[in-house]
Amino acid sequence: MGKRVFIAGLGLIGGSLALAVKKEHPQAQITGFDINNRVVKTALSLDVIDRSCSSLEEGAAEADLIIIAAPVGQTVTLIGELAKLPLKKGAIITDVGSTKKSVCEAAKALNGMQVSFIGGHPMAGSHKTGVEASRLRLFENAYYIFTPYEDEEERTMIRLQNWLKGTKARFIRLTPDTHDFFAGTISHFPHIVAAGLVHELREEGKTEPVLNNLAAGGFRDITRIASASPVMWRDILLSNREVLLSLIDKWQMRMSTVRELIEKRDEDGLFRFFETAKQTRDALPVRKKGAIPSFYDLFVDVPDHPGVISDVTGILAKKEISLTNIRILETREDITGVLRLSFRTEQDLLRAKALLNDHLYDAYEAP
């Protein structure tokens, strides 16, 4: 296996992949490139990459593995630029884009260059962005989808998986069309719905300002994915246009059906609508990473007593269990309040739950 890796794009995904490759292949030299020089300096200072380069041509010239870790639109452009460069014979090129059909179509420009392109999509992320949020375990147990050409040699696929085995992800293969349909259904379309709900709140909030305060609880939680990068999601929607147009049409039909049920006061129909949704949702896997990053939240009932929050956080701090967020959901005089503690990983959540229960706190996960 070669020893030179080039990563174009040093955000959360590119940085985390660099850490995973470095962990599994310490002998490899990892070169990073980003259009933002501050990001490059940060990546170097955090030892995410070993060296930087000033251009795509410099970084790609002798690379055995090239990872394009950029939004889909930029990825298509970068592939076009790579197709004009002298690349190392036998090099593998992959990407991390959320849609695959347009990327794989663009990669046909690499045909005849004695290099291999295999589309990739690590279905993991974080609520934090930037290279400074990079972490080794980001992809652990997540699905990592590959979309190779039908005639791609098996040994090339094995080489790429060996390069990326430090991610500890679950590798699966799909066609670009199948990937885009799956991703559109479980990731892209939900982002549209979440953003639409926030737009609705914004419009209604113009005449009823109190709505914004009321939305600080559950509404904010269920629409959290609407806070993602506008640039990234603009590119994703345009690159998965056909799938999303079809899904939107089906959604509008479903909402029309619900509207009709409400209009007719159809109690049985409405019950079935929610009952089917409940059964389907309850049957979804709980301990698996999906396309939308999970919250690892623990709820803790606490008495209305001075110092109780510092007691809870102190218990966790003594065992070096880190919190990513803490929020008071309910606290009124003379009744039990609820803390919501957010953790980076499921392992941290489970350790905290056991620890707090040992200290006689009622700690539990959301159903």
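Read-outs throughout are calculated quantities, based only on the coordinates presented, and are distinct from any laboratory measurement. All of these numbers come straight from a predicted model, not from anything done at the bench. Cβ placement follows ideal geometry from the backbone for every residue including glycine, while neighbour counts extend to all protein chains displayed.
Where nothing but the Cβ of Lys and Arg (+1) and of Asp and Glu (-1) is charged, how large is the charge dipole of the chain around its Cα centre, in debye to the nearest 20?
With only Lys, Arg, Asp and Glu charged at Cβ, the dipole is about 1000 debye.
Quick one: V21, V131, fewest Cβ neighbours within 10 Å first, how do they rank?
If I rank by nearby Cβ atoms, fewest first, I get V21, V131.
Which residue, S322, S256, S16, tops the fluctuation ranking in a GNM of the chain built on C-alpha contacts under 10 Å?
Greatest mean-square fluctuation among the candidates belongs to S256.
Kindly state, to the nearest 0.05, the FRET efficiency for E150 paired with K41, given R0 = 25 Å and r defined as their beta-carbon distance.
For E150 and K41, the calculated efficiency is 0.05.
Relative to the longest principal Cα axis of the chain, at what angle does helix 230-239 sit, 0 to 90 degrees, rounded to 10?
70
Could you let me know the centre-to-centre spacing of the range 67-129 and the range 1-44, using Cα atoms, in angstrom?
If we compute the Cα centre of each part, the gap is 15 Å.
For F139, which sequence-distant residues (separation of 5 or more, or a different chain) have an amide H within less than 5 Å of its own amide H, given hydrogens modelled in the peptide plane?
Under 5 Å from the amide H of F139: no residue qualifies.
Are any of the pairs K41/K128; K100/K165; K278/K353; K206/K250 more than 23 Å apart by Cα-Cα distance, and if so, which?
Violating the 23 Å Cα-Cα cut-off are K278/K353; K206/K250.
How much of the DSSP bridge set in the chain is antiparallel, in percent, rounded to the nearest 5?
Roughly 50 percent of the beta bridges in the chain run antiparallel, per DSSP.
If you take the alpha carbon radius of gyration of the chain and divide it by 2.2 N^0.38 Å, what ratio comes out, to two decimals?
In units of the 2.2 N^0.38 Å rule of thumb, it is 1.13.
Whole-Hz Karplus ³J(HN,Hα) for the range 174-182, in order, using 6.51 cos²θ - 1.76 cosθ + 1.60 and θ = phi - 60°, x for Gly and Pro?
Using θ = phi - 60°, the values come out as 9, 6, x, 5, 5, 4, 5, 5, 4 Hz.
Going by alpha carbons, how many degrees (0 to 90, nearest 10) lie between the helix axis of 267-282 and the longest principal axis of the chain?
For helix 267-282, the angle is close to 50 degrees.
Cut-off 10 angstrom, C-alpha nodes, Gaussian network model of the chain. Which of I328, I118, I49 fluctuates the most?
I328
Taking the Cβ-Cβ separation of K23 and E57 as r and a Förster radius of 41 Å, what is the calculated FRET efficiency to the nearest 0.05?
0.90
Could you calculate the FRET efficiency of D266 with L245 from 1/(1 + (r/R0)^6), where r is the beta carbon distance between them and R0 is 25 Å, rounded to 0.05?
Efficiency at R0 = 25 Å is approximately 0.30.
Run lengths n ≥ 4 of DSSP H only: what is the helix-derived mean residue ellipticity at 222 nm for the chain, with -39500 (n - 2.57) per run over all residues, to the nearest 500?
Calculated mean residue ellipticity at 222 nm is -13500 deg cm²/dmol.
Going by average Cβ neighbours within 10 Å, how do the peptides 346-359, 181-194, 93-106 rank, with the highest at the top?
93-106, 181-194, 346-359
Between the helical axis of 154-163 and the dominant principal axis of the chain, each derived from Cα atoms, what acute angle in degrees is found, rounded to the nearest 10?
60
Once you've got the GNM for the chain with C-alpha springs shorter than 10 Å, pick whichever of Q114, Q27, Q279 has the biggest mean-square fluctuation.
Per the Cα network of the chain with a 10 Å cutoff, Q279 tops the list.
In percent, how large is the relative contact order of the range 4-174, given Cα pairs closer than 8 Å and 6 or more residues apart?
Result for the range 4-174 is 25 percent.
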